[in-house]
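Enquirer: Quick one: the structure is below, questions incoming.
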Amino acid sequence: MRHEMSQDPQRFRSEVLALNNDNTPHVNALSEEALDALIAQAASFRVMTNQDKTLSGFVLLLREGQAYESLNYRWFSETFEEFLYVDRIIVAPDCRGEGVAQALYDHAIDLARAMGVENLTCEVNLAPPNPRSLAFHHGQGFQEMAQQMTDGGLKRVSLLRKTVDA
């Protein structure tokens, strides 16, 4: 199936929120207010749609220096002067394996290059496990920098970095 970037990502805000919350614990659940706060801080918020203009997936990217309280984001803030953080990238279940994640990551890499940022960062859950995401990220050239426990010890994440050439 053919997917494309939407020119109006805000139009899909309610679908983005539902897709996000359907994918816990791999991402943290969000309220409408929390999603709006993330979008306001985002260096980029992009959605992909399929041929019938329904949501295929989305990505939220943040630069350093934001007032975001995520432990993972804070770890990257303490580690790198400059970075582009993939806060969340989610593909609709019926669109997985159709190149949506690749297109969203291509956008992230292009944006990092355009901004002159060499550190593209993210985390993937190790516990509870998210093996599909971990394999995808390793295939994209992400390497583990560290691991940390979050959510009061309920989650263990792999903190990942990909070097982007300018």
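The values are calculated or read from the model by the stated rules, or taken from the named source; none is laboratory data. Quick caveat, the model's predicted, so the values are computed rather than measured. With ideal geometry, Cβ positions are generated from the backbone for all residues, glycine too; neighbour counts draw on all protein chains shown.
Enquirer: ASP165 is checked against (1) within 29 Å of PHE12 (Cβ to Cβ); (2) among the charged types (D, E, K, R); (3) in contact (Cβ under 8 Å) with a residue 12 or more places away in the chain; (4) surrounded by fewer than 20 Cβ atoms within 10 Å (Cβ to Cβ) and fails just one. What number does that condition carry?
Expert: Evaluating ASP165 over (1) within 29 Å of PHE12 (Cβ to Cβ); (2) among the charged types (D, E, K, R); (3) in contact (Cβ under 8 Å) with a residue 12 or more places away in the chain; (4) surrounded by fewer than 20 Cβ atoms within 10 Å (Cβ to Cβ) leaves (1) as the failure.
Enquirer: Go through ASP110, ASP106 for me and flag whichever is assigned to a helix (DSSP H, G or I), farther than 19 Å from ARG132 by Cβ and within 15 Å of the chain's Cα centre (by Cα).
Expert: Details: ASP106 fails: farther than 19 Å from ARG132 by Cβ.
Of the residues listed, the single one that is assigned to a helix (DSSP H, G or I), farther than 19 Å from ARG132 by Cβ and within 15 Å of the chain's Cα centre (by Cα) is ASP110.
Enquirer: Also, I was wondering about something else. Considering each of LEU134, LEU126, LEU154 in turn, give the residue that is among the aliphatic types (A, V, I, L, M) and over 17 Å from the mean Cα position of the chain (by Cα). Please lay out each step first, then the result.
Expert: Values: LEU134 fails: over 17 Å from the mean Cα position of the chain (by Cα); LEU126 fails: over 17 Å from the mean Cα position of the chain (by Cα).
Exactly one of LEU134, LEU126, LEU154 is among the aliphatic types (A, V, I, L, M) and over 17 Å from the mean Cα position of the chain (by Cα), namely LEU154.
Enquirer: Within the set of pairs 6 or more residues apart or between chains, which connect a residue that is farther than 17 Å from ASN28 by Cα and charged (D, E, K, R) inside the range 106-132 to a residue that is surrounded by fewer than 17 Cβ atoms within 10 Å (Cβ to Cβ) and at pLDDT 95 or above with Cβ atoms less than 7 Å apart?
Expert: GLU118/THR163
Enquirer: Part of a loop (DSSP other than H, G, I, E, B) and on the phi > 0 side of the Ramachandran plot: does that describe GLY152? Steps first, please.
Expert: Working: part of a loop (DSSP other than H, G, I, E, B): no; on the phi > 0 side of the Ramachandran plot: yes.
No.
Enquirer: Condition check: of a type in the set (Ser, Thr, Tyr) and more than 17 Å from HIS107 (Cβ to Cβ). Does SER56 satisfy that? Show your work before the answer.
Expert: Working: of a type in the set (Ser, Thr, Tyr): yes; more than 17 Å from HIS107 (Cβ to Cβ): no.
Here the answer is no, as SER56 does not meet what is asked.
Enquirer: List the number of the failed condition for ASN125; all other conditions in (1) in a helix (DSSP H, G or I); (2) more than 14 Å from SER44 (Cα to Cα) hold.
Expert: Every condition holds for ASN125 apart from (1).
Enquirer: Among the charged types (D, E, K, R), in contact (Cβ under 8 Å) with a residue 12 or more places away in the chain and more than 23 Å from SER44 (Cα to Cα): does that describe ARG156? Let's see the steps before the verdict.
Expert: Working: among the charged types (D, E, K, R): yes; in contact (Cβ under 8 Å) with a residue 12 or more places away in the chain: yes; more than 23 Å from SER44 (Cα to Cα): yes.
Yes.
Enquirer: Okay, next question. With the structure loaded, tell me whether ALA67 is over 23 Å from ASN23 (Cβ atoms) and over 16 Å from the mean Cα position of the chain (by Cα) or whether it fails that test. Full working, then the answer.
Expert: Numbers: over 23 Å from ASN23 (Cβ atoms): yes; over 16 Å from the mean Cα position of the chain (by Cα): yes.
Spelling it out, ALA67 is indeed over 23 Å from ASN23 (Cβ atoms) and over 16 Å from the mean Cα position of the chain (by Cα).
Enquirer: Output the helices (runs of 4 or more DSSP H) that fall wholly within the range 1-86 and possess 1 or more residues being surrounded by fewer than 18 Cβ atoms within 10 Å (Cβ to Cβ) and hydroxyl-bearing (Ser, Thr, Tyr), or say none.
Expert: Working: elements: 13-22, 32-41, 71-79.
The helices (runs of 4 or more DSSP H) meeting that bar are 13-22, 71-79.
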